[in-house]
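Structure first, then comments.
Please treat every number below as a calculation from the coordinates, not as lab data. Keep in mind that this is a model prediction, so the values were computed, not measured. No Cβ is skipped: glycine too gets one built from the backbone with ideal geometry, and neighbour counts run over all protein chains shown.
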Ligand code: HEM
Ligand code: FES
């Protein structure tokens, strides 16, 4: 009598009707598992093409500047007017740290200043969307050589004032965003971006224009001071920035004005404040 | 029979169970990882690991949480229940990989301890949209950890079944934390609605299964037994109970199982001393009432587990008059010998 079959886990074998039922269940479950695997894997947002050359050290020669953020400017021929052409490579440290500590240690140990010197640094490159950055790690003994600059550095120091601007974007940490992590932006990455920026990695504003293309801006305080600690509450969320924009060759730096960093509110932008106040009254 | 009872090792069924868990996990991980690598070639290894393990664990969590109601709706699901703890421990191991990689990747090598970073990077605890979702995952992980390390029967006995059961009920809190961890985390980033739809379907499935199973049970408990005589309550006709099986009656909020065995009726408390399984849904095997959940056994005439086991449940008086079964809901002390009632 099939009805009388009884399952006990410690029996060697489950009764027929039970094992047949479970087999059906497992078949359904396996189908669901495979379908979910396919669906979830294919529905993820596309990862961007950023790259972090983990484990590969590259030597790069350029002129070092500590302001507005630590960078080396790598000469890349001359432009049609005969000016030095260069690529700016912001420097960052190991893990979730800025490069300032590593540079300060080198300067102290060698008792020299690297400012405006021609240096050869050994580090790990990361790049994405036309931007190149380099990680320098004290353990890799990053300083290969240092010498006085052989070229006229005035060319490299030319800046262009772009005036005051209001701009909307998302603050990211450039290390993760340009290559170390994917996704290196948005809510899932928020904690990490905050930790990186609090560790000294210079914050970058990512701005998406109407055609969907991205532009990137370094952000510092109104007088060029670091803003790392001040942006904590604004990372990985839409913000508006009121700033003085200055072009340093291939990077634009935003000098954020007093109270110039605000959370972006869709409602405030699209409905003027009178309308909001009025509807608030109506709701009451 | 005590011998086969004590010899619960890794028997054939357990081995099959574990092999199925293992191979299903491999199938899922392989599907997810290979497809991501093919269709999203710019992936990073850490992200694929974080995502494949977390989604697999949530899937297993749904399976685990549905087994209880499924067995209540259909007894054929019992084989899933017997080794459910293996599923739980597997799920914990998998989600530990997710949590550990999460902490390593997002919080280590910074200017503060990774665990401090977990709670202090994002401090928008007062906001819904910005809420630090990783903290929710962390607390869920702690609950799963406590459940996994106490999953052995050693802890069941040491903590007492009541405390153990309470601890394991926290799985529902953990489930809620996980849902919020996903809703306030990755779902705010992904643009494809598939993720939120899957989470909602999962939650609806679990809630409906629990409701349907709960209602079925509650309906049974609601039956009133009005015919009373000298403490005895009329419950059913003799023929309504099958040989070697029982019927469960809920009187004054206590569930009592009345078993028919070799022309006699016996009544014992319905709640198994192991994990509270429904003894009345069991069967008499080798003269012992056998719990359907994990096979603990009790003698019908005294509610005691056969030696060397020491579990005992309450017994009750039953009597038969004119083919009608009368039950006295006053319990005797656990393990008290009762003669049973002759059917004829
Ligand atoms: C210490 C504990 C945990 C940490 C630090 C953590 C961290 C994270 C992070 C950072 C993400 C976003 C990753 C991404 O970019 O996709 C995430 C997503 C997710 N987590 Fe957790 N989590 C933890 C515990 C848990 C637990 C216990 C579960 C469930 C059992 C869970 C399930 C998920 C799921 C389903 C996702 C979304 C899928 C994904 O994208 O990975 N997490 N978690
Ligand atoms: S509840 Fe586990 S054997 Fe009864």
Calculated from DSSP helices alone, with each H run of at least 4 adding -39500 (n - 2.57) and the total divided by the residues of chain B, [θ]222 nm to the nearest 500 comes to -16500 deg cm²/dmol
Checking A:151, A:201, A:72 against a Gaussian network model of chain A (alpha-carbon springs below 10 Å), the top fluctuating residue turns out to be A:151
Each label sits 7 Å from Cα toward the beta-carbon; between residue A:139 and residue A:225 the label points are separated, in nm, by 3.5 nm
If one compares the long axis through the Cα atoms of helix B:194-222 with the longest principal axis of the Cα atoms of chain B, the angle in degrees, nearest 10, works out at 10 degrees
Relative to chain B, whose Cα atoms define the longest principal axis, helix B:84-107 and its Cα axis are tilted in degrees, nearest 10, by 20 degrees
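Summarise the partner chain shielding of B:104-113 as one whole number: the mean count of Cβ atoms from other chains within 10 Å of each residue's Cβ.
Going residue by residue through B:104-113 and averaging, the value is 6.
On alpha-carbon atoms, Rg over Rh for segment B:200-344 using Kirkwood Rh?
On the way: Rg = 16.0 Å, Rh = 15.7 Å.
That ratio equals 1.02.
At R0 = 41 Å, how high is the FRET efficiency between residue A:16 and residue B:142 if r is their beta carbon distance? Nearest 0.05 is fine. Intermediate results must be reported in sequence, preceding the final value.
Values: r = 43 Å, r/R0 = 1.04.
Approximately 0.45, to the nearest 0.05.
Given R₀ = 60 Å, what would the calculated FRET efficiency be for residue A:67 paired with residue B:173, taking r from the Cβ atoms and rounding to 0.05? Can you show the working numbers first?
On the way: r = 51 Å, r/R0 = 0.86.
Once rounded, the FRET efficiency stands at 0.70.
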Contour minus Cα-Cα span, residue B:220 to residue B:34, at 0.36 nm per residue, comes to 62.0 nm
Highest mean packing first, using Cβ neighbours within 10 angstrom, the peptides A:96-104, B:84-92 sort as A:96-104, B:84-92
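I need the calculated FRET efficiency for the pair residue B:157 and residue B:129, taking r as the beta carbon distance and R₀ as 35 Å, to the nearest 0.05. Don't jump to the answer; show the numbers that get you there.
Numbers: r = 46 Å, r/R0 = 1.33.
Working from the Cβ atoms, E equals 0.15.
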Largest fluctuation, A:121, A:132, A:40 only, Gaussian network model of chain A with Cα springs under 10 angstrom, belongs to A:40
Quick calc: nm separation of the 7 Å Cα→Cβ label points for residue B:330 and residue B:119 -> 5.5 nm
Relative contact order as a percentage, segment B:12-221, C-alpha pairs under 8 Å and 6+ apart, gives 21 percent
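Tell me, what is the percent relative contact order of chain A, built from C-alpha pairs under 8 Å that lie six or more residues apart? Each step should come with its number before you reach the end.
Numbers: 507 pairs, mean separation 44.6, N = 284.
Relative contact order, chain A: 16 percent.
At 1.306 mPa s and 10 °C, plugging the Kirkwood radius over alpha-carbon pairs of chain B into Stokes-Einstein gives what diffusion coefficient in µm²/s?
It comes out at roughly 69 µm²/s.
Remind me, relative contact order of segment B:102-207 in percent, using alpha carbon pairs under 8 angstrom and six or more residues apart?
Working: 65 pairs, mean separation 26.1, N = 106.
Relative contact order here is 25 percent.
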Distance in nm between residue A:27 and residue B:27 label points, each 7 Å along Cα→Cβ, equals 1.2 nm
Taking every residue of A:41-54, the Cβ atoms of other protein chains inside 10 Å of its Cβ average out to 5
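Calculated from DSSP H runs of 4 or more alone, at -39500 (n - 2.57) each and per residue, what is the 222 nm mean residue ellipticity of chain A, nearest 500?
Numbers: 6 runs with 68 residues, N = 284.
Taken over chain A, the calculation gives -7500 deg cm²/dmol.
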Within segment A:102-127, the residues whose backbone N lies under 12 Å from a label point placed 7 Å from the Cα of residue A:147 along the Cα-to-Cβ direction are A:118-120
For peptide B:274-285, the mean count of other chain Cβ atoms within 10 Å per residue Cβ is 1
Among B:109, B:159, B:80, the residue with the largest mean-square fluctuation in a Gaussian network model of chain B built from Cα contacts under 10 Å is B:109
Rounded to the nearest 10, the angle in degrees between the Cα long axis of helix A:273-283 and the longest principal axis of the Cα atoms of chain A comes to 30 degrees
Taking a ≥ b ≥ c as the square roots of the eigenvalues of the Cα gyration tensor, with a/c under 1.5 meaning rounded and otherwise prolate when a/b exceeds b/c and oblate if not, chain A is oblate
